[in-house]
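Here is the structure we will look at, set down as structure tokens.
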Amino acid sequence: MDKSIRHGSFEMTAAMLISGTIGWFVLVSGQPVLDVVFWRCVFGAGTLLLICAAFGFLRPGILTRTTFLLAVLSGVAIVGNWVLLFASYSRASIAIGTAVYNVQPFMLVGLAALFLNEKITLQKLFWLGISFLGMLAIVSAHGDQNESGNDYLVGIALALGAAFLYAIAALIIKRLTGTPPHLIALVQVSTGVLLLAPFAHFSALPQAPSAWASLVTLGIVHTGVMYVLLYGAIQKLPTALTGALSFIYPIAAIFVDWFAFGHRLEPLQWLGVAAILLAAAGMQQGWTLKWRRTVTP
């Protein structure tokens, strides 16, 4: 294996494993969702500011007025995505929220067809259908006996909303080609700080050291370090390998949810999760189905 690909694979794997533990730290912090996202943006902005300074991305001229405004707009979508996804964890569980969140590639396909006139092929529609069946399986399994059915469905709806906002952010970022991704991330989290500051509970700051440790980790490790690993990997790896390794994230999240909180998926939920991940993998990897026609003389 090429040394660059080996290094990139290690970075991508590490980034996805880190992402898989996000839900754990969100719930362990014990803080309201808006506060969690606010402090993640604060500590993430500080970390990314140092990283951008080290890479020389803070010099004038890198961001034009248009690219800056687009980065801010993508930041609004990304921050909203975090708020909805984190809110889904306590309602539908980390595993289910993360699995449902993985329908976002299909939402991106739909948005690209609407706004970029990209063609939706029959193959994409097939994988979309598989994903939809998986979603039906998850929705029909109303959680275990300790969960409220309404809360479970709300959690799924929140995860779907998060996926939609992520797809919007990805669509905007497509127009920022050539802009250093670390700088885009810095603008995004800085936007989050400004957006959420009015809603942060400064008069009721966390008292437990474990809460602060969780928030700092979310900002420094799950935002700053993870972005560096992820973007470093993307620059080194073929697109197909990047897509394949990205599925470490939901698998890690499912394991963390079981290990940390004892959440076990029901058979129907497992079936739905598998269908969504299979469909997402099929579309990202460009898998095609070929039918052989037998001709009778």
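The values are calculated or read from the model by the stated rules, or taken from the named source; none is laboratory data. Since the model is a prediction, treat every value here as computed from it, not as a measurement. In this analysis, Cβ positions are derived from the backbone assuming ideal geometry, glycine residues included, and neighbour counts consider all displayed protein chains.
Some points to look at:
- Qualifying residue in region 272-281 (condition: more than 21 Å from the chain's Cα centre (by Cα) and either under 23 Å from Ser131 (Cα atoms) or modelled with pLDDT of 80 or more (or both)): no
The rows are residues; the columns are (1) free of Cβ contacts under 8 Å to residues at least 12 places away in the same chain; (2) part of a loop (DSSP other than H, G, I, E, B); (3) over 24 Å from Leu27 (Cα atoms).
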residue: Ser203; (1), (2), (3): yes, no, no
residue: Gln207; (1), (2), (3): yes, yes, no
residue: Ala211; (1), (2), (3): no, no, no
residue: Gly219; (1), (2), (3): no, no, no
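- Figure legend. Inter-residue proximity from region 162-184: first residues touching a residue at least 60 places away in the same chain (Cβ under 8 Å) and closer than 30 Å to Ala92 by Cα, second residues buried (at least 20 other Cβ atoms within 10 Å of the Cβ) and small (Gly, Ala, Ser), beta-carbon distance below 6 Å, spacing 6+ or different chains. Indicated pairs: Leu165/Ala77; Leu165/Gly80; Ile168/Ala77; Ala169/Ser74; Ala169/Ala77; Ile172/Ser74; Ile173/Ser74.
So that you can scan it fast, the table gives a plain yes or no per residue for (1) under 15 Å from Ala252 (Cβ atoms); (2) crowded, with 21+ Cβ neighbours inside 10 Å:
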{"position": "Arg6", "(1), (2)": "no, no"}
{"position": "Met16", "(1), (2)": "yes, yes"}
{"position": "Ile22", "(1), (2)": "yes, yes"}
{"position": "Trp39", "(1), (2)": "no, yes"}
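- Of the residues contained in region 184-194, one or more are found to be within 22 Å of Ser9 (Cα to Cα) and crowded, with 19+ Cβ neighbours inside 10 Å.
- The residues of region 68-87 include none that are closer than 17 Å to Thr177 by Cα, buried (at least 23 other Cβ atoms within 10 Å of the Cβ) and not small (Gly, Ala, Ser).
- Subset of region 255-270 (residues that are over 15 Å from Leu27 (Cβ atoms) and in contact with a helix residue (DSSP H, G or I) (Cβ under 7 Å, 6 or more places away or on another chain)): Arg264, Leu265, Leu268, Gln269
- Qualifying residue in region 42-52 (condition: crowded, with 19+ Cβ neighbours inside 10 Å and closer than 22 Å to Val256 by Cβ): yes
- Filter result (at pLDDT 90 or above, touching an Asp or Glu at 6+ places or on another chain (Cβ under 7 Å) and buried (at least 19 other Cβ atoms within 10 Å of the Cβ)) within region 201-241: Leu229
- Residue list for region 264-285, filter: part of a helix (DSSP H, G or I) and touching a Phe, Trp or Tyr at 6+ places or on another chain (Cβ under 7 Å): Leu277, Ala279, Ala281, Gly282, Met283
- Meets criteria (more than 13 Å from the chain's Cα centre (by Cα), hydrophobic (A, V, I, L, M, F, W, C), closer than 23 Å to Gly282 by Cβ and not in a helix (DSSP H, G or I)) for Ile130: no
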